[in-house]
Amino acid sequence: MKERTLGIIKPDGVARKLIGRVMERLEEAELRIVALKMIKLSKEQAKGFYKVHERKPFYESVTDFMSSGPCVVMVLEGKDAIEKYRTLMGATDHRKAAEGTIRRDFATDIEKNVVHGSDSKVTAEYEIGFFFSTLEIAG
Ligand code: CMP
């Protein structure tokens, strides 16, 4: 089924000039980029985005990291896009990520793991709406 998901190239991925290589993998996997922009989150915005992790020990640290530099945010569309993009990214912890995944190939740390992706339909809807209005998404 055709779905949409929210993808982020995190500040480490942008700083390390990985934007092109990440996007190449998305396009090759038939994930269509239907919305795209570069933004720099404030600490407050990062806290809002990661609110589900509010009680986790890494909340302060990940929100500092996510507000430390520019990110690329994008809406990806395709068949089973949520699961497909999660498979392309690999496990959160790059040491546990499968061979050939973005995190296995590029991440340096469980926090600085290059990319983010929505983990369910409900999350995808919330996360897409967090960054994009319907006018900004190509049909
Ligand atoms: P992401 O998929 O964006 O979701 C939450 C983020 O918190 C995660 O990727 C990592 O960047 C960061 N993080 C840091 N430590 C952990 C941890 N122990 N478990 C999960 N996520 C972590």
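Coordinate-derived values only; no laboratory data. Fair warning: this is a prediction, and the values are worked out from it, not measured in the lab. Glycine gets a Cβ as well: all are built from the backbone with ideal geometry, and neighbour counts include every protein chain shown.
At-a-glance table
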| item | result |
| --- | --- |
| Protection proxy ranking of 128-136, 27-35 - average other beta-carbon atoms within 10 Å, highest first | 27-35, 128-136 |
| Choice from ARG103, ARG86, ARG16 with maximal GNM fluctuation in the chain (Cα, 10 Å cutoff) | ARG16 |
| Where N is the number of residues in the range 2-133, Cα Rg divided by 2.2 N^0.38 Å | 0.96 |
| Separation in nanometres of the label points that stand 7 Å from Cα toward Cβ, at PHE58 and PHE130 | 1.5 |
| Given charges at beta-carbon only (K, R positive; D, E negative), |dipole| of the chain in Debye | 180 |
| Sorted by Cβ density within 10 Å, fewest first, the residues MET23, MET38, MET74 | MET38, MET23, MET74 |
| Top positive-direction residue, dipole computed over the chain with Cβ charges, set ALA91, PHE130, PRO57 | PRO57 |
